[in-house]
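Following: one structure in structure tokens, then a few remarks.
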Amino acid sequence: MCGIVGYIGTQEAQSILINGLQRLEYRGYDSAGVAIIGDDGLQIKKTKGKVHDLESTIEGAPLQGSVGIGHTRWATHGPPNDVNAHPHDSTGSTFALVHNGIIENYNAIRKKLAEKGYTFQSDTDTEVLVRLIEDVRRATDLPLEEAVRQALTQVVGTYGIAVVSEEDPDLLIAARKGSPLILGIGDGEYFIGSDAAPLVEHTRQVVYLSDGEMVTVRRSGYTVRTIDNVELEKEVHELEWDLSEIQKGGYDHFMLKEIMEQPTALEDCMRGRVLPDQQQITLGGLHQVIDDLRDADRIIIAACGTSWHSGLVGEYLIESMARIPVEVEYASEFRYRNPVLRKGDVVLVISQSGETADTLAAVREARRRGIPCIGICNVVGSTIARETDAGVYLHAGPEIGVASTKAFTAQVTVLTMLALKLAEGRTLSTAEMAHNLQALAAVPDKVREVLAMDEEIEDMANVYRYAANFLYLGRGYNFPVALEGALKLKEISYIHAEGYPAAEMKHGPIALIDRFMPVVFIAMKDSTYDKVVSNIEEVAARDGSVIAITDEGNGELDDLCEYVLRIPKTEEFLTPLLTAIPLQLLSYHIAVMRGCHVDQPRNLAKSVTVE
Ligand code: F6R
């Protein structure tokens, strides 16, 4: 969702804020703005469009000053335009505020404030919060930080906010509830960011604000207190990110860079955890809960989007290896449908960002009902990572491309390790364990081989780039990969695509088959291969145009398919780690050929922190 950046120190704020917004642009990109306090007071520049449009508006007339805030927007209330862009300023323009989240009771507050004579220029809930702060000040004459705090006690909903004021140029205020914020600590200077991306080139020392906390920052230091006004001592953490990890590194797009990073991401994910020589899996973060997990009557996996797809692979893995019943839930449904949760259940949430509002809500629901909750996250220190009882990090490195790629394969890798760990000494013999661990450790090199097929996949993309619809079909472990392939294509190329279990085709989707609709089959030589081949025959018989992904050396499908991609053989349970990759590359190349903005697809944003 929206990205927030803030700075207070001795350097000129403008370039730090603009640079920070560029790093945060993957969170939202329909408008952008900055507010800086200079010698002449509060200056605001904001515009519909991307951060480079904002840069153009300030070119030639830089904003001077060493304290400021910036925002890149993903619209919730009101269309993307200059007026709705943040920052929003107070009447008389003395202070300015940026906001990520949704003020749910904004209509009621707006009505009351309008009755008192306040006027509103924008359609946003954010401007209502600004007027509310003004109103608190007018009534009480409190310092700004106190007025902000009191105003926040009156709002319902979610917020990450940052505020600066010309009345106090040595003040930067930030607060959060439901929308992440991090404070970066420099030498006589401080930074605020929605995540670590805008901070990493300035400092590694960070404080993660928790929900209901507010930080008042001055050049001389900072104070964190709760919205209820209790002062807190916060732990300072060390950031693990490297600047190079959040740069494109010579690639045209972050998405391609992250696809290509998968061999190393998976190696990092397995490092010190997959120990084939000792026939062991070590998952340090689960040490204290592993027995509860092994003894669980049921594991409920909750996640959204791509993470939900990896959860489905997890269901197949855990059930078949460890024989523990697993259910996979959309996190957004889980919390509202009053799920049956019993003693003996364990909830496992999966989230790349660790900030997805629906997944976080599932964590809170499970914990509220006394159910242990385990997290699989990529972003270290993220809210879900901090609020779960235990967990496993992906260690896949930052994922900036809005379409999730390396996080998917790393999530599946963690779930594979978890399934093996749960099966260890119970359902798998030592010999089977040794064999499986060897096979898992060999996956990154096989991923390298699949990535080497990039040109072949690009040629194929050229043939199918004009298709209006795609169908993706797979069975068993590769049914979730079919769903993921369809999601990747639709989100970045805007082509309608659907994923199905291959055998379901006969129950409806077969009606769609004609020669204009490419059907992508994942047809690995596994336990369901023969059945999948029958499904391919059914499509071919109806003049459908089939693309198949199968094992190297398999020539049996050549007569039935327009394209056959042959990828290295591996164990059946590991195939999703390989089959997902050609589908990522196919989507990527089709989107590029169609002129789509691959890293910032329309209407989407990384890290969905609103419901
Ligand atoms: C798809 C995609 C989204 C996310 C979903 C969950 O490419 O990126 O579907 O997977 O929004 O996000 P996380 O994993 O951060 O909870």
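The values are calculated or read from the model by the stated rules, or taken from the named source; none is laboratory data. Because the structure is predicted, anything quoted here is derived from the model rather than measured. A quick note on method: Cβ atoms are made from the backbone with ideal geometry, for glycine too, and the neighbour counts reach across all protein chains shown.
Among the criteria (1) within 15 Å of the ligand (Cβ to nearest atom); (2) under 22 Å from Cys561 (Cα atoms); (3) in contact (Cβ under 8 Å) with a residue 24 or more places away in the chain, the one Val450 does not fulfil is (1).
Matching residues to (1) among the aromatic types (Phe, Trp, Tyr); (2) touching a residue at least 24 places away in the same chain (Cβ under 8 Å); (3) not in a strand (DSSP E or B):
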| residue | (1), (2), (3) |
| --- | --- |
| Ile44 | no, yes, no |
| Asp53 | no, no, yes |
| Gly68 | no, yes, no |
| Ala85 | no, yes, yes |
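Screening region 330-447 for strands (runs of 3 or more DSSP E) wholly inside it with 1 or more residues that are within 10 Å of the ligand (Cβ to nearest atom) returns the ranges 345-351, 373-377.
Of the residues making up region 510-565, those that are in a strand (DSSP E or B), among the small types (Gly, Ala, Ser) and in contact with a Lys or Arg (Cβ under 8 Å, 6 or more places away or on another chain) number 1. Here Asn105 passes the criteria (1) touching a residue at least 12 places away in the same chain (Cβ under 8 Å); (2) touching an Asp or Glu at 6+ places or on another chain (Cβ under 6 Å) except the one numbered (2). Of the residues making up region 293-321, those that are hydroxyl-bearing (Ser, Thr, Tyr) and within 16 Å of the ligand (Cβ to nearest atom) are Thr306, Ser307, Ser310. Taking each residue of region 556-576 that is of a type in the set (S, T, N, Q) and looking for partners that are part of a loop (DSSP other than H, G, I, E, B) with beta-carbon atoms closer than 8 Å, six or more apart or interchain, yields Thr570/Ala442; Thr575/Met524; Thr575/Asp526.
Taking the conditions exactly as written (assigned to a loop (DSSP other than H, G, I, E, B), away from the ligand (no atom under 11 Å from the Cβ) and in contact with a strand residue (DSSP E or B) (Cβ under 7 Å, 6 or more places away or on another chain)), does Ile324 satisfy them or not? In short, yes. Residues that are in a strand (DSSP E or B), in the same structural domain as Glu399 (by TED's automatic domain parsing) and of a type in the set (Ser, Thr, Tyr) are absent from region 303-314. Could you say whether any residue in region 523-544 is away from the ligand (no atom under 16 Å from the Cβ) and in contact with a Pro (Cβ under 9 Å, 6 or more places away or on another chain)? Yes: one or more hits. Is it fair to say Asp268 is outside any loop (DSSP other than H, G, I, E, B), free of Cβ contacts under 8 Å to residues at least 40 places away in the same chain and either more than 16 Å from the ligand (Cβ to nearest atom) or surrounded by fewer than 22 Cβ atoms within 10 Å (Cβ to Cβ) (or both)? Criteria not met by Asp268. Going through (1) of a type in the set (A, V, I, L, M); (2) over 20 Å from Glu167 (Cα atoms); (3) in contact with a strand residue (DSSP E or B) (Cβ under 8 Å, 6 or more places away or on another chain) one by one, Leu129 falls short only on (2). With respect to Glu611, determine if the residue is of a type in the set (Asp, Glu) and within 16 Å of the ligand (Cβ to nearest atom). Taking the combined requirement at face value, the residue satisfies it. Looking across region 249-265, just one residue is exposed (fewer than 15 other Cβ atoms within 10 Å of the Cβ) and at negative phi, and that is Asp252. The sole residue among Ser56, Ser90 that is at negative phi and either crowded, with 19+ Cβ neighbours inside 10 Å or touching an Asp or Glu at 6+ places or on another chain (Cβ under 6 Å) (or both) is Ser90.
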